[in-house]
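Peer 1: Sharing a structure below in structure tokens format, with a few things to ask.
The values are calculated or read from the model by the stated rules, or taken from the named source; none is laboratory data. Everything numeric in this text was worked out from a predicted model, so none of it was measured. Neighbour counts are summed over all protein chains in view; Cβ atoms, including those assigned to glycine, are modelled from backbone coordinates with ideal geometry.
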Amino acid sequence: MEQGGQRLQEGLLGGPGEEALSQMPEEPDELAVLEEIQQELILQEQLVIEEYERSLQFDEECLNAMLDGLDASDKVICPVCRKNNLTVRNHAVFCQCGLYISTQGMTEEKLQALLEHTLTEHSHRCFHNPEFTVTSGMEEEASLLMSCPVCDSWTILL
Ligand SMILES: [Zn+2]
Ligand SMILES: [Zn+2]
């Protein structure tokens, strides 16, 4: 009985099955085209997202590199040129790039802590890597300024 039943089923499926197969080529083609378009759209979307994430990552890497540089030793990398070490004296902080700021009782540890604190504090509210500049008025002494165009904030460090 079982064998018979199986054969009967095969026989029944044989007809419509073949018909379905002959119709197959058209539908999957359309589906394939649609799927291709859809995948292309998804791919484009992913590329945009990836690029955005990469730019975020870049900012983060900059910040981390800067913080690492600060951690590395008691040498403090100049936040303005990001190339030279700052020379810290009791009365002044200066760099080969032209940065010169008068201070009082400054040490490398103090300066490092100050930079680290300001950078970390900013990174809590904004993902952008802030810029450091030296401002100098006509009469006022030069000061080190951290500013960020993204969150529209600035802080005087020294
Ligand atoms: Zn410098
Ligand atoms: Zn910011």
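Peer 1: Tell me, please, whether a residue that is part of a loop (DSSP other than H, G, I, E, B) and either within 16 Å of ligand 1 (Cβ to nearest atom) or among the hydroxyl-bearing types (Ser, Thr, Tyr) (or both) can be found in segment 108-117. Break it down into steps so the answer makes sense when it comes.
Peer 2: Taking segment 108-117 first, the residues part of a loop (DSSP other than H, G, I, E, B) are none.
Looking through segment 108-117, none of the residues is part of a loop (DSSP other than H, G, I, E, B) and either within 16 Å of ligand 1 (Cβ to nearest atom) or among the hydroxyl-bearing types (Ser, Thr, Tyr) (or both).
Peer 1: Also, quick follow-up: For residues that are polar (S, T, N, Q) and over 19 Å from the mean Cα position of the chain (by Cα), scanning just segment 118-146, find the one that is farthest from ligand 1 (Cβ to nearest atom). Let's see the steps before the verdict.
Peer 2: Just the residues of segment 118-146 that are polar (S, T, N, Q), to begin with: 118, 120, 123, 129, 133, 135-136, 143.
Adding the requirement that they be over 19 Å from the mean Cα position of the chain (by Cα) leaves 118, 133, 135-136, 143.
Values: 118: 17, 133: 11, 135: 15, 136: 15, 143: 15 Å.
Filtering first and then ranking leaves 118.
Peer 1: Quick one: residue 120 ticks every box in (1) touching a Ser or Thr at 6+ places or on another chain (Cβ under 6 Å); (2) of a type outside the set (Lys, Arg); (3) outside any loop (DSSP other than H, G, I, E, B) except a single one, so which number is it?
Peer 2: Every condition holds for residue 120 apart from (1).
Peer 1: Cβ-Cβ under 6 Å, sequence separation 6+ or interchain: first residue in segment 80-97 and closer than 18 Å to residue 110 by Cα and at pLDDT 90 or above, partner within 16 Å of ligand 2 (Cβ to nearest atom) and part of a strand (DSSP E or B). Which pairs?
Peer 2: If the second residue must be within 16 Å of ligand 2 (Cβ to nearest atom) and part of a strand (DSSP E or B), the pairs left are 80/132.
Peer 1: Would you mind stating whether residue 121 is assigned by TED's automatic domain parsing to the domain that holds residue 146 and over 23 Å from residue 136 (Cα atoms)? Outline the logic, then answer.
Peer 2: Working: assigned by TED's automatic domain parsing to the domain that holds residue 146: yes; over 23 Å from residue 136 (Cα atoms): yes.
In short, yes.
Peer 1: Just for segment 134-158: of the residues that are surrounded by 14 or more Cβ atoms within 10 Å (Cβ to Cβ) and touching a residue at least 40 places away in the same chain (Cβ under 8 Å), which one is nearest to ligand 2 (Cβ to nearest atom)?
Peer 2: This residue is 146.
Peer 1: Which condition from (1) within 16 Å of ligand 1 (Cβ to nearest atom); (2) out of contact with any helix residue (DSSP H, G or I) (no Cβ under 6 Å at 6 or more places or on another chain) is the one that residue 53 breaks?
Peer 2: (1)
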